[in-house]
Amino acid sequence: MIYSGNNQPPRIPTMPASPTRLKVPSIVSASCILGLLYAGRAILQPIALALILSLIIAPLIRTLGRHGMRRLPATLAALLLAGACAAGIGAILTVQLISVTAELPQYQAALRQKAGQLSAQAERPFAWMEANLHAAEPLAPGGASDQSLAATPRQPVAVEIRPARPSAGETLARLFSLVWGPIGGTGLVLVLLLFILLEHESLQDRLIRLAGQTETSRTVRTLADAAQGVSRFFFSQFVVNAAFGIAIGMALWGLGIPHAVLWGALGGLLRFVPYLGALGSGACITVFVAAIDPGWSLTMSCVALFALIELTVANFIEPKVYGHSTGISPLAVVVSALFWGTLWGPVGLLISTPLTVCLVVAGRHVRALEPLSILLGEAPNVTAAQRFFQRALSGEITAILRDSSAYVRRASFARYCDHVLLPGLALAVAELRVGKIDEPQQEHIRRTVADVAETLAPSTAESLPKRRRRHVSLLDANVGAHLRQLREARLGRWQGSLEVPQHSIVLCAGLARERDDLVSELLVRALREAGVDARSISLPLPYEEHEPEKANLVATVFVPSPLNDALESWSQAMGELRRLLPNAMLVAIRAPQDESEVQYQEVQRHVDMVLRSFGEGLAFVAPQSPSEI
């Protein structure tokens, strides 16, 4: 590892606190909540629908408020507008649905005919195979004659029992019982929606009071996130789906498909159901068009048109309006649809995504719901450094190299070291210090660091190595010394020619310790990537080989800031550097994770400048470099 022996590791960036582990009381509580959700669905469904509708209408109310309307008139105007639109669309759809129901027998006959054609086409290959197989079998002796002598059985006479025709009163009562449930449920949702919108400020005050005085700021952030972000997303989703339904309806009307308004509304409504909704509406439209189309050309045209509109909306319009996703992972969308659909039936399936989005947003602020945010969120709350550390422990070098190469293409190797590699190694040091990392995991981390350095910043300007190098014994003891040995094997003992201009070499010098060797070698490679003639050595300098006339070749010397137990030897080495390289600028690299070590003032007494990152060092010696710092 980087820090071994008596070396004390630098300050470690702490990982976020893990959520509370599941215990028996938590499991019992979750089971009770699930039971209440299922048993109380008749009460909870209208409340959930009203809350989601309030989030959808909230942006409209805020827009009216910005135009000078007060809260009460704006709320009533938004509700009346939404209610009028819903009533008008409902009336049109009812007429369309009645018309489709009256024509249903005709469509059934056409569908049977089309189904027979498809069945015949599908069975033709199997019938051909069966005929060939039977032709190859020998005829059983006496088989045909025995069948011809068999007596023809007497056919039974079919008897049909028809129920009595219902009276007009019975028909009206049955129709009333069918529509009473949806009408009553809709009225209940509208009443709840009205009171939720009117009592908006009161409900907010009650929730803040319920959370307690110490949680006021967190509760306010949660409510603001729900009121602004979630409601904006729901409203945008509603607008996009409505536009999708209108586009489908107009396209079908243009093709001459009857009841285009009904199918457009069905497409827009079912699109609220994730993934399966678009497939379901497309299947319904395809079946209906197949029933009215004598051939197959119109059916295929409708399928192609529906697919074109869906792909355009999903890949071009939605990302522009409200982003690429809902903030939850695709798997979570499917799981939430299955969960809420099982608990609450079709209503749960329809509002599964909004409910899950609300839970994920609440999990970002409420600790008890944090596991839901982690499990269902679009991306886990893991930094790049933590992901590097986790993958390095398990030896997933291929994944690390893939992500690191993409990172360096956007930025630079210096920035990668500052934000990913060194913080990730600092996390490894924290667990190594308490004995949580075993020898195989340490070996994985050493190999990962060596491979990342050799792949992202190779020793020479030649092409990257095609494959990983074989095991080298020095790698087990000191990764930095191993990387320096690779460079010296390619570039020579002095890591390049000494016939260079004056003040053109940047020297990275550190004590002969594992931590300093690695930091120096990584810094050398970051500088060489930017075109700087950087070389590394271990302190103290080899006095017997020092040539005074070569001292003017060095312009800057970077040294890692010392750890507490190495301050004395580090100070002596800085004095020798001053004596041997009097014209060179002496700069200490004090990375963010080193701030808990030797005090800044103590380090500054021995050097000319103290920098806090590889990026600052690269900007200091190569200010004109095109690399991103």
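Read-outs throughout are calculated quantities, based only on the coordinates presented, and are distinct from any laboratory measurement. What you see is a predicted model; the values in this text were computed from it and never measured. Positions of Cβ are backbone-derived with ideal geometry, glycine not excepted, and every protein chain shown enters the neighbour counts.
Once R0 is set to 22 Å, what does the formula 1/(1 + (r/R0)^6) return for the Cβ-Cβ distance between residue 383 and residue 321, expressed as a FRET efficiency to the nearest 0.05? It comes out at approximately 0.15.
Potential lengthening of the chain between residue 308 and residue 334 amounts to 7.0 nm, from the contour at 0.36 nm per residue minus the alpha-carbon distance.
Each of residue 42 and residue 503 was given a label point 7 Å from its Cα along the Cα-to-Cβ line. The distance between the two points is 8.9 nm. Amide H contacts of residue 503: 553, 554, each under 5 Å away and 5 or more positions distant or on a separate chain (H built 1.01 Å from N in the peptide plane; Pro and chain starts excluded).
Taking other Cβ within 10 Å of each residue's Cβ, how do 201, 576 sort, fewest first? Walk me through the numbers on the way to the answer.
Working: 201 9, 576 14.
Arranged by neighbour count, lowest to highest, 201, 576 become 201, 576.
Per-residue 3J(HN,Hα) values for the range 238-243, derived from phi via the Karplus relation 6.51 cos²θ - 1.76 cosθ + 1.60 with θ = phi - 60°, read 4, 5, 5, 5, 5, 5 Hz in sequence order (x marks Gly and Pro). For the pair residue 98 and residue 375 in one chain, pulling the backbone fully straight at 0.36 nm per residue adds 95.2 nm over the alpha carbon distance.
Once backbone amide H atoms are built at 1.01 Å from N, residue 533 has 506 as its partners under 5 Å, excluding neighbours fewer than 5 places away on the same chain.
Exposure proxy ranking for 219, 556, based on other Cβ atoms within 10 angstrom of each Cβ and starting from the fewest, stands as 219, 556.
For an R0 of 30 angstrom, estimate the FRET efficiency from the Cβ-Cβ distance between residue 605 and residue 550 and round to the nearest 0.05. All intermediate terms of the calculation are to be shown ahead of the outcome.
Details: r = 28 Å, r/R0 = 0.92.
My answer for the efficiency is 0.60.
Amide H contacts of residue 612: 590, each under 5 Å away and 5 or more positions distant or on a separate chain (H built 1.01 Å from N in the peptide plane; Pro and chain starts excluded). Across the range 506-522, computed HN-Hα scalar couplings (Karplus, 6.51 cos²θ - 1.76 cosθ + 1.60, θ = phi - 60°) run 10, 9, 10, 10, x, 4, 6, 10, 4, 5, 5, 4, 5, 4, 5, 5, 5 Hz from first to last residue, x flagging Gly and Pro. A Förster radius of 45 Å combined with the Cβ-Cβ distance from residue 202 to residue 250 puts the calculated FRET efficiency at roughly 0.55. Sequentially through the range 290-303, phi angles give Karplus couplings (6.51, -1.76, 1.60; θ = phi - 60°) of 4, 6, 9, 8, x, x, 10, 5, 5, 4, 5, 5, 5, 4 Hz, Gly and Pro residues having no value and appearing as x.
Sort 404, 297 so the one with the fewest other Cβ atoms within 10 Å of its own Cβ comes first.
Values: 404 21, 297 9.
Listing 404, 297 from fewest to most nearby Cβ atoms yields 297, 404.
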